[in-house]
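Below is one structure, written out as structure tokens; comments come after it.
Every number in this text was worked out from the coordinates using simple rules, so none of it is lab data. Because the structure is a prediction, the values reported are computed rather than measured. All Cβ positions, even for glycine, are placed from backbone atoms using ideal geometry, and neighbour counts span all protein chains on display.
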Protein chains: 2
Amino acid sequence: MTGLLTVVGLGPGNPRFLTPSASEALASATDIVGYGPYVDRVPERPGLRRHASDNRVELDRARFSLDLAAKGARVAVVSGGDPGVFAMAAAVFEAVDNGDPAWRSLDIRVEPGITAMLAAAARVGAPLGGDFCAMSLSDNLKQWEVVEARLRAAVAADFVVALYNPISSARPWQLGAAFKIVAETRGPGTPVILARAVGRPDEGIRILPLAEVETAMADMSTIVIIGATTTRLIERPDGEESYVYTPRFYGMRP
Amino acid sequence: MTGLLTVVGLGPGNPRFLTPSASEALASATDIVGYGPYVDRVPERPGLRRHASDNRVELDRARFSLDLAAKGARVAVVSGGDPGVFAMAAAVFEAVDNGDPAWRSLDIRVEPGITAMLAAAARVGAPLGGDFCAMSLSDNLKQWEVVEARLRAAVAADFVVALYNPISSARPWQLGAAFKIVAETRGPGTPVILARAVGRPDEGIRILPLAEVETAMADMSTIVIIGATTTRLIERPDGEESYVYTPRFYGMRP
């Protein structure tokens, strides 16, 4: 088959973070498929077909894209951040694994992007400077018991933890439950970063001690980074925002 | 103070992965500081001062850069991948935290980049499609007992695990020890990805079952990704390389 499907990471919502490689993939596509706001980020041009959908039909969107590629199209499936991190790439491969055997002959590529935790971390310092875990807090695709067990394991082993999909109107209590689990073993002063819409005009970033964090401060577009016991604030003069970082050293002095 | 220090993520070793934002930071710098091969990636231009060092003096390099910035320079500290992930950003903030109080007034920025695990994952499919941990296997900065405890926790909770700094001539046995720990609970068929120099001419990528992995297949430039129990291979016709991915679903059917 001659078609091509590329899952393209758009990075945080600012073209300054889009890699040249991802830009080229978009420029050579015949069809753009994705969640409406992501499709809107791709400039119009003659002959480019745009297929926007809502955010909750990832497998359908993956199958539709594979079908287009199988017919010979050059399809770009657009994804925020990095497509391989709680985004569209896994959905595309799930569809291949469970779908039309002919799809296995397709050329399927993934263009990496700056995922939300990296963009958020960069805005405040280096909170991911030590070992860290990235988890989706959604219990739509796995049971809450799995989320809870993983979070307890990560906290007990003193990883920094980045939480994707922390809250939504359909999942209102999970983030509060997660903060409670963390507070069982980490101190009330543990730095927590809530970063919303990094790089966009409506960006909002807060750094708070664990004891002062409220779930109402987060929404669907927020990434939450919870410090390890070693994560530190660097206070700055003249009312400047503090830096937050996790030293590379652990239980040893530099 | 008017100086500026930006820690710039160069991504994997190919300018196609360098973000426009990082390119601008390099273009507006007066001084480039970093490990020689990274400094070499920045094009020469008149008036640009280049300060290359070896790879083992991160704190000294950080202090030197802060000192330059405090004198009014626009310094770009270059780092492979993302500077916040086992790279230079944490070293810079450690130096600020423990150094000249005047450094706290400096404008210090971090330009995120495509870190090795994202680039490697994109090359083979979507192995980071579920929850995952990123760990440095180096015991230069933390004790081996800490590394081992974290790895055991991550494996027990069925995270995908990305191992940075897996092996070096000074640390020859740690990767083998890590594979043994993983093999205590994960099956011999668990997919392991060894990705070396992604995006560079000397790129080398292997996907192997855990039982067939040998530490000699990795070196300092390799990132190792160990699948979860749910990570799957998609075999392809005509001798094409398999895709590898971790479904978003866990213990539930799509």
Quiz item: Summing -39500 (n - 2.57) over the DSSP H runs of n ≥ 4 in chain B and dividing by its residue number, what mean residue ellipticity at 222 nm do you reach, to the nearest 500 deg cm²/dmol?
Solution: -8000 deg cm²/dmol
Quiz item: Quick one: what Rg and Dmax do you get for the protein assembly as shown from the alpha carbons, in Å?
Solution: 21.6, 64
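Per residue of A:155-166, count partner chain C-beta atoms within 10 Å of its C-beta, then hand back the mean as an integer. Provide the component values of the computation, followed by the final result.
Details: counts 1, 4, 11, 4, 7, 2, 1, 1, 0, 1, 0, 0.
Taking the mean over all residues of the peptide, I get 3.
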Quiz prompt | chain A: most fluctuating residue of A:M88, A:M117, A:M217 per GNM, C-alpha cutoff 10 Å | solution = A:M217
Practice problem: Please build a GNM for chain B, connecting alpha carbons under 10 Å apart, and tell me which residue among B:S79, B:S169, B:S105 fluctuates the most. | Solution: B:S169
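Let me check against my output: what whole-number percent is the relative contact order of segment A:117-245, with C-alpha pairs under 8 Å and at least 6 apart?
Working: 223 pairs, mean separation 37.8, N = 129.
Once divided by the residue count of segment A:117-245, the mean separation gives 29 percent.
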Quiz prompt | Among B:R74, B:R186, B:R200, residue whose mean-square fluctuation peaks in a GNM of chain B (springs only between Cα atoms under 10 Å) | solution = B:R200
Quiz item: So what's the gap between the Cα centers of segment A:134-196 and segment B:191-205, to the nearest angstrom?
Solution: 32
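Shape verdict for segment B:35-76, please, from the Cα gyration tensor: rounded (a/c under 1.5), prolate (a/b greater than b/c) or oblate. Let's see the in-between values first.
Values: a/c = 3.01, a/b = 1.05, b/c = 2.88.
Because a/c hits 1.5 or more and a/b fails to exceed b/c, segment B:35-76 counts as oblate.
Assuming a ≥ b ≥ c are the square roots of the Cα gyration tensor eigenvalues, decide whether segment A:117-245 counts as rounded (a/c under 1.5), prolate (otherwise, with a/b larger than b/c) or oblate. Intermediate values should be presented prior to the final figure.
Numbers: a/c = 1.78, a/b = 1.29, b/c = 1.38.
Note, shape of segment A:117-245 comes out oblate.
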Quiz prompt | Positive-end residue of B:L233, B:N165, B:Q143, charge dipole of segment B:135-247 with Cβ unit charges | solution = B:Q143
Exercise. Determine ³J(HN,Hα), in whole Hz, for all residues of segment A:228-236 in sequence, where each value follows from phi through the Karplus function 6.51 cos²θ - 1.76 cosθ + 1.60 and θ = phi - 60°; x replaces Gly and Pro.
Key: 7, 5, 8, 5, 10, 9, 10, 6, 10
Quiz prompt | Model label zone, B:D100; criterion: amide N under 16 Å from point 7 Å along Cα-to-beta-carbon; scope segment B:1-16 | solution = B:1-6
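If you add up the charges near B:R63, with Lys and Arg at +1 and Asp and Glu at -1, over every other residue whose beta carbon is less than 11 angstrom from its beta carbon, what do you get? Please report the intermediate quantities before stating the final value.
Numbers: positive: B:R61; negative: B:E58, B:D60, B:D67, B:E94, B:D100.
My count for the surroundings of B:R63 gives -4.
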Exercise. Have a look at the DSSP beta bridges in segment B:117-245 and tell me what percent are antiparallel, nearest 5.
Key: 70
Practice problem: Kindly give the distances from B:P15 to its copy-mates, label point to label point, with each label point 7 Å from Cα along Cα→Cβ, as nm values to one decimal ordered shortest first. | Solution: 2.0
Self-check item: Copies compared at B:M220 - label distances in nm, ascending, label defined 7 Å from Cα in the Cβ direction
Solution: 4.7
Quiz item: What average number of partner chain Cβ atoms lie no more than 10 Å from the Cβ of the residues making up A:238-251?
Solution: 5
Exercise. On a C-alpha basis, how far is the centre of segment B:77-119 from the centre of segment A:1-28 in Å? Whole number, if you could?
Key: 27
Exercise. Output, in nm with one decimal and in ascending order, the distances from the B:P188 label point to the matching label points of the other copies (7 Å from Cα along Cα-to-Cβ).
Key: 5.4
